[in-house]
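Student: If you scroll down you'll find the structure; I have some questions about it.
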There are 2 protein chains.
Amino acid sequence: MEQNIPYKIYLEEQEMPKQWYNVRADMKKKPAPILDPETLKPVTLEELSGIFCTELAKQELDDTTPYFDIPEEIQNFYKMYRPSPLVRAYCLEKKLDTPAHIYYKFEGNNTSGSHKLNSAIAQAYYAKQQGLKGVTTETGAGQWGTALSMACAYLDLDCQVYMVKCSYEQKPFRREVMRTYGAKVTPSPSMNTKIGQKINEQFPGTTGSLGCAISEAVEAAVTQYGYRYVLGSVLSQVLLHQSVIGLEAKTALDKYGIKADTIIGCAGGGSNLGGLISPFAGEILRGEANYDIIAVEPSSCPSLTRGVYAYDFCDTGKVCPLAKMYTLGSGFIPSANHAGGLRYHGMSSVVSELYDQGILTARSAEQTAVFQAAQIFAKVEGILPAPESSHAIKVAMDEAIKCKETGEAKNIVFGLTGTGYFDMVAYQKFNDGQMSDYVPTDEELAKALGELPKVEV
Amino acid sequence: MEQNIPYKIYLEEQEMPKQWYNVRADMKKKPAPILDPETLKPVTLEELSGIFCTELAKQELDDTTPYFDIPEEIQNFYKMYRPSPLVRAYCLEKKLDTPAHIYYKFEGNNTSGSHKLNSAIAQAYYAKQQGLKGVTTETGAGQWGTALSMACAYLDLDCQVYMVKCSYEQKPFRREVMRTYGAKVTPSPSMNTKIGQKINEQFPGTTGSLGCAISEAVEAAVTQYGYRYVLGSVLSQVLLHQSVIGLEAKTALDKYGIKADTIIGCAGGGSNLGGLISPFAGEILRGEANYDIIAVEPSSCPSLTRGVYAYDFCDTGKVCPLAKMYTLGSGFIPSANHAGGLRYHGMSSVVSELYDQGILTARSAEQTAVFQAAQIFAKVEGILPAPESSHAIKVAMDEAIKCKETGEAKNIVFGLTGTGYFDMVAYQKFNDGQMSDYVPTDEELAKALGELPKVEV
């Protein structure tokens, strides 16, 4: 054990990033533009500003500016829960008896329980700056809704969350955290919106879906004066804000003279992975360094490993813009996998393009194996991880075990996006031996992929 | 806002305490000795070693050694989740528009969600050192059980938790966290023990009580070979281990040249309060400094503010030793107050003696006001606090508001013992406006106090 590397590396406040990094600026081939769902033409700033705040719409479309200043008020908010620690997993290394050095960037030390707060405060801030009354959003697992509620409470901004009805009922604790922060939480489909009314009529007693909740949140944003819609993943602006994860991690590694060999993140919509890897991917793109970057997705929702790279709708309701991304088809309904945050049919267009260019590789992991890794990690490192984050743990452990075989002392860095305190129903299934794995068949995948929109750009 | 004091003060690893501080050593008048429940004579080391590990029994009885070395393995475990941050509550100060400077020592950044882990790892460590197979304990709210499960998982020690049956059923998430860490969690009263069988016979369908769970855990410890009983609060050994809270806080304050004026902690059994204030109380006892120390308890269970200072049983079942403490009587059943960790009928004998000597004062707070303070705190400081911890928040806010009136720029330091993620049922009541306050009548208090054991020492 090197005595000079502490268990936890905390940056000093003055070492925290003052700018977000936009990896698109360093990509020679840029991610394809997002398209208007009606005209199938690239969305203009004006069009996008009807849904998002103007400043965020600008960030969404800007693929050339490498750095964006982080406004001081956001920097101050970050100081309440950041810098997040870069942890040397000494105990996990010992448990695995590996020569590898394992580090994880832990984003779970805030009440939202995940990295989502990094973008929530930025999106709420720009809404406030624009003089808006409030924002609307949807939430499934609840991490994003919680993060947005916290950010809005801090800025005294109205927050309307459409929560998938089955989550609203099955995750009452998540709901109550949001309510405590003053958010208005509505089970979706509701009778507040036309689309909600229509769905309730068509499917009486439905417990909702994320696609439906998105549609309701977007409708609520465009029909109320002074509201905009916000989204916690997939978007390029979200990856921009999440770059604080990677920037802090890189500063911490540099401070101790550690060169990462392997960088691992779980991937759903791509917000955490994209944020963690951005500065490292930038170095690869500029020819300054090389890293083995691995995205880990659930076998039940394998957009990178088994999807296609094509234009698709970002939402099941087909009201949002289209993006070119690795996708399983917007009609793909993943099985009831408990890693709620990784159940998205597509992948951030930035991460997709980096994957297509070979900057990163991808692997999928099955749920039971992921929970086994989570349990080992919890016992030796003391943190009960979120199921989503545990996908990264699983592959980090696999890589560390490989090092034991080869004798290599690689530096493995992975993103521990959050805690599993609100995921105990899934852990209970695991503890009771009732967890099942599910891998979609080729036929199932072909069906949803057969319904991709026909787009020529 | 002083730019030189960061939002969060994290000590360097090498600044962490290497010894626990035993405040009893600096007390001229010592806490009264604990008594054997049968003979009513001071308990000997030999007797106590039948229930507790020998090393812990020694710590329990030692009121002269000022410092105990923290074994290296415990120091390493501490490094996984400590040092805990001393946070400057800039946002709360702004919200209250107070000239006071508010600081809080946040102990919630670990999976047990509270400070309990500080003593759990110490107690598990000495059990392991003694070659024991495992430990038994009881848990009500579940923080202690979780902490002990984590410590035992780390040391590969068997952990048997008797969980009050109503909590076992109403807090399934807490139960599952413990199970994920490998603990055997049994709803109490169970059929595993004689006392459990007896209670189940006498009161069919009972949902249990903490007193009953203690009795079962003690019986399980003394009837299984290689087991000992452990307890998460009240005991002097627990306060010794928890002194890391105060020692870290003091080092952090000293590092930035901050002299605390007021120190506030919530008080149930006294483990957090005692740990936080120990080094400061030591300075007062040695005549080196002065502080205004305030213990905050719930109005529904006011042992310091309305109890008497007398010998009493530490448990409802009357199987544990007696201690001289501020007590409401071991037969006192507090109302269904959601601040589960503060529902103990008595108070640590060390804290009681310090209170009796005037080293600290005490106040009580009503539940609704406590949750109102909790909500304000959550919104501006971003951390959803445990109901227990929120008692300290309430009085810290009261003191800061007083400073606004007097214009004093006092340094107020309080202990934020943990997070409220597993307390959302209580927050829901608050959000729904269905929270009630309860203050026992003088008659109710007189009844339980009338049943105090007659002890003359």
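The values are calculated or read from the model by the stated rules, or taken from the named source; none is laboratory data. All values derive from a computational prediction rather than experimental measurement. Don't worry about glycine lacking a Cβ; one is built from the backbone with ideal geometry, like all the others, and counts go over all protein chains shown. Surface areas here come from the heavy atoms of the whole protein model, side chains and all, with no ligands, DNA or RNA. Shrake-Rupley method; radii C 1.70, N 1.55, O 1.52, S 1.80 Å.
Student: Which of the residues that make up region A:139-190 are assigned to a loop (DSSP other than H, G, I, E, B), of a type in the set (Gly, Ala, Ser) and more than 20 Å from the chain's Cα centre (by Cα)?
Tutor: A:Gly182, A:Ala183, A:Ser190
Student: Have a look at A:Ile412, A:Ile393 and point out the one that is outside any loop (DSSP other than H, G, I, E, B) and within 18 Å of B:Val177 (Cβ to Cβ).
Tutor: When all the criteria are applied, what remains is A:Ile393.
Student: If you take the residues of region A:386-398 that are in contact (Cβ under 8 Å) with a residue 24 or more places away in the chain and open to solvent by 10 Å² or more (accessible area, probe 1.4 Å), which of them is nearest to B:Leu384 (Cα to Cα)?
Tutor: Among those that are in contact (Cβ under 8 Å) with a residue 24 or more places away in the chain and open to solvent by 10 Å² or more (accessible area, probe 1.4 Å), it is A:Glu388.
Student: When region A:102-119 is examined, which residues are found to be in a loop (DSSP other than H, G, I, E, B), within 12 Å of another protein chain (Cβ to nearest Cβ) and either under 22 Å from A:Lys18 (Cα atoms) or open to solvent by 20 Å² or more (accessible area, probe 1.4 Å) (or both)?
Tutor: A:Gly108, A:Asn109, A:Asn110
Student: Might you check whether a residue that is under 18 Å from the mean Cα position of the chain (by Cα) and at pLDDT below 95 occurs anywhere in region A:304-312?
Tutor: For region A:304-312, residues under 18 Å from the mean Cα position of the chain (by Cα) and at pLDDT below 95: absent.
Student: Checking the structure you have, find out if any residue of region A:401-410 is within 13 Å of chain B (Cβ to nearest Cβ), open to solvent by 80 Å² or more (accessible area, probe 1.4 Å) and not hydroxyl-bearing (Ser, Thr, Tyr).
Tutor: The first filter runs over region A:401-410 and keeps only residues within 13 Å of chain B (Cβ to nearest Cβ), leaving none.
No, that holds for no residue.
Student: Mind checking whether some residue in region B:274-293 is under 17 Å from the mean Cα position of the chain (by Cα), assigned to a strand (DSSP E or B) and in contact (Cβ under 8 Å) with a residue 40 or more places away in the chain?
Tutor: yes
Student: What is the number of the single condition among (1) more than 30 Å from B:Ala89 (Cα to Cα); (2) more than 21 Å from the chain's Cα centre (by Cα); (3) more than 13 Å from chain B (Cβ to nearest Cβ); (4) surrounded by fewer than 19 Cβ atoms within 10 Å (Cβ to Cβ) that A:Lys94 does not meet?
Tutor: In the conditions (1) more than 30 Å from B:Ala89 (Cα to Cα); (2) more than 21 Å from the chain's Cα centre (by Cα); (3) more than 13 Å from chain B (Cβ to nearest Cβ); (4) surrounded by fewer than 19 Cβ atoms within 10 Å (Cβ to Cβ), A:Lys94 misses (3) alone.
Student: Return yes or no: is A:Asn272 surrounded by fewer than 24 Cβ atoms within 10 Å (Cβ to Cβ) and either of a type in the set (Phe, Trp, Tyr) or closer than 20 Å to A:Lys105 by Cα (or both)?
Tutor: So A:Asn272 fails the test.
Student: Let me ask something else. Taking the residues in region B:197-213 that are surrounded by fewer than 20 Cβ atoms within 10 Å (Cβ to Cβ) and not polar (S, T, N, Q) as candidates, determine which candidate is nearest to the other protein chains (Cβ to nearest Cβ).
Tutor: So, considering only residues that are surrounded by fewer than 20 Cβ atoms within 10 Å (Cβ to Cβ) and not polar (S, T, N, Q), the one nearest to the other protein chains (Cβ to nearest Cβ) is B:Gly205.
Student: Take the residues of region A:54-74 that are part of a helix (DSSP H, G or I) and open to solvent by less than 40 Å² (accessible area, probe 1.4 Å): which is nearest to the other protein chains (Cβ to nearest Cβ)? Please lay out each step first, then the result.
Tutor: First, the residues of region A:54-74 that are part of a helix (DSSP H, G or I): A:54-61, A:72-74.
Adding the requirement that they be open to solvent by less than 40 Å² (accessible area, probe 1.4 Å) leaves A:56-57, A:59-60, A:74.
Values: A:Leu56: 22, A:Ala57: 27, A:Gln59: 24, A:Glu60: 26, A:Ile74: 13 Å.
Looking at residues that are part of a helix (DSSP H, G or I) and open to solvent by less than 40 Å² (accessible area, probe 1.4 Å), I get A:Ile74.
Student: Something else now. Among the candidates A:Pro99, A:Pro31, A:Pro66, A:Pro83, which residue alone is more than 23 Å from the chain's Cα centre (by Cα) and at pLDDT 95 or above?
Tutor: Among A:Pro99, A:Pro31, A:Pro66, A:Pro83, only A:Pro99 is more than 23 Å from the chain's Cα centre (by Cα) and at pLDDT 95 or above.
Student: Going by what's in this entry, would A:Ile383 be described as outside any helix (DSSP H, G or I), in contact (Cβ under 8 Å) with a residue 60 or more places away in the chain, aliphatic (A, V, I, L, M) and more than 14 Å from every other protein chain (Cβ to nearest Cβ)?
Tutor: no
Student: Still on this structure, please answer the following. Take region A:40-53 and flag every residue that is open to solvent by 50 Å² or more (accessible area, probe 1.4 Å) and either among the polar types (S, T, N, Q) or part of a loop (DSSP other than H, G, I, E, B) (or both). So that I can check it myself, show each step before the final result.
Tutor: Going through region A:40-53, the residues open to solvent by 50 Å² or more (accessible area, probe 1.4 Å) turn out to be A:40-42, A:44-47.
If the condition is that a residue be open to solvent by 50 Å² or more (accessible area, probe 1.4 Å) and either among the polar types (S, T, N, Q) or part of a loop (DSSP other than H, G, I, E, B) (or both), then A:Leu40, A:Lys41, A:Thr44 are the ones that fit.
Student: Can you tell me which of (1) of a type outside the set (Gly, Ala, Ser); (2) crowded, with 24+ Cβ neighbours inside 10 Å; (3) closer than 26 Å to A:Ala147 by Cα is the one A:Gln375 doesn't meet?
Tutor: (2)
Student: Out of A:Ala378, A:Ala426, A:Ala446, A:Ala374, report the one residue that is within 14 Å of chain B (Cβ to nearest Cβ), free of Cβ contacts under 8 Å to residues at least 24 places away in the same chain and assigned to a helix (DSSP H, G or I).
Tutor: Of A:Ala378, A:Ala426, A:Ala446, A:Ala374, the one residue that is within 14 Å of chain B (Cβ to nearest Cβ), free of Cβ contacts under 8 Å to residues at least 24 places away in the same chain and assigned to a helix (DSSP H, G or I) is A:Ala378.
Student: Can you say whether B:Gly131 is in a loop (DSSP other than H, G, I, E, B) and either in contact with a Phe, Trp or Tyr (Cβ under 7 Å, 6 or more places away or on another chain) or within 14 Å of another protein chain (Cβ to nearest Cβ) (or both), as far as the supplied structure shows?
Tutor: It is false that B:Gly131 is in a loop (DSSP other than H, G, I, E, B) and either in contact with a Phe, Trp or Tyr (Cβ under 7 Å, 6 or more places away or on another chain) or within 14 Å of another protein chain (Cβ to nearest Cβ) (or both).
Residue by residue, here is whether (1) surrounded by 24 or more Cβ atoms within 10 Å (Cβ to Cβ); (2) in contact (Cβ under 8 Å) with a residue 40 or more places away in the chain holds:
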| position | (1), (2) |
| --- | --- |
| B:Ile121 | yes, yes |
| B:Val135 | yes, yes |
| B:Ala141 | yes, yes |
| B:Ala153 | no, no |
| B:Met163 | yes, yes |
| B:Cys166 | no, yes |
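Student: To continue, here is another question. Given the criterion among the small types (Gly, Ala, Ser) and open to solvent by 10 Å² or more (accessible area, probe 1.4 Å), identify the matching residue among A:Gly317, A:Gly232.
Tutor: None of the others qualify; the one that does is A:Gly317.
Student: Could you grab me the full set of residues in region B:295-313 that are part of a loop (DSSP other than H, G, I, E, B) and closer than 26 Å to B:Asp423 by Cα?
Tutor: Once the filter is applied, which keeps residues that are part of a loop (DSSP other than H, G, I, E, B) and closer than 26 Å to B:Asp423 by Cα, region B:295-313 yields B:Ser299, B:Ser300, B:Cys301, B:Pro302.
Student: For region A:168-179, enumerate the residues that are open to solvent by 20 Å² or more (accessible area, probe 1.4 Å), free of Cβ contacts under 8 Å to residues at least 60 places away in the same chain and within 11 Å of chain B (Cβ to nearest Cβ).
Tutor: Passing the criteria: A:Pro172, A:Arg175, A:Arg179.
Student: Quick one: B:Tyr421 ticks every box in (1) farther than 22 Å from B:Gly268 by Cβ; (2) within 26 Å of the chain's Cα centre (by Cα); (3) open to solvent by 10 Å² or more (accessible area, probe 1.4 Å) bar one, so which box is it?
Tutor: For B:Tyr421, the failing item is (1).
Student: Any idea which residue in region B:1-39 is nearest to the other protein chains (Cβ to nearest Cβ), counting only those that are assigned to a helix (DSSP H, G or I) and open to solvent by less than 30 Å² (accessible area, probe 1.4 Å)?
Tutor: Here the answer is B:Val23.
Student: Still on this model: Would you point out the residue of region B:429-443, among those that are free of Cβ contacts under 8 Å to residues at least 12 places away in the same chain and outside any loop (DSSP other than H, G, I, E, B), that is least open to solvent (accessible area, probe 1.4 Å)?
Tutor: Per the stated criteria, the residue is B:Asn431.
Student: Under 7 Å between Cβ atoms, which residue pairs at least 6 apart in sequence (or on different chains) link something in region B:180-196 that is within 14 Å of chain A (Cβ to nearest Cβ) with a partner that is in a helix (DSSP H, G or I) and basic (Lys, Arg)?
Tutor: Every condition considered, the pairs that remain are B:Tyr181/A:Lys379; B:Gly182/A:Lys379; B:Val185/B:Arg175; B:Val185/B:Arg179.
Student: I would also like to ask the following. Could you identify the single residue in B:Pro83, B:Pro99 that is facing another protein chain (nearest Cβ under 10 Å), part of a loop (DSSP other than H, G, I, E, B) and not polar (S, T, N, Q)?
Tutor: B:Pro83
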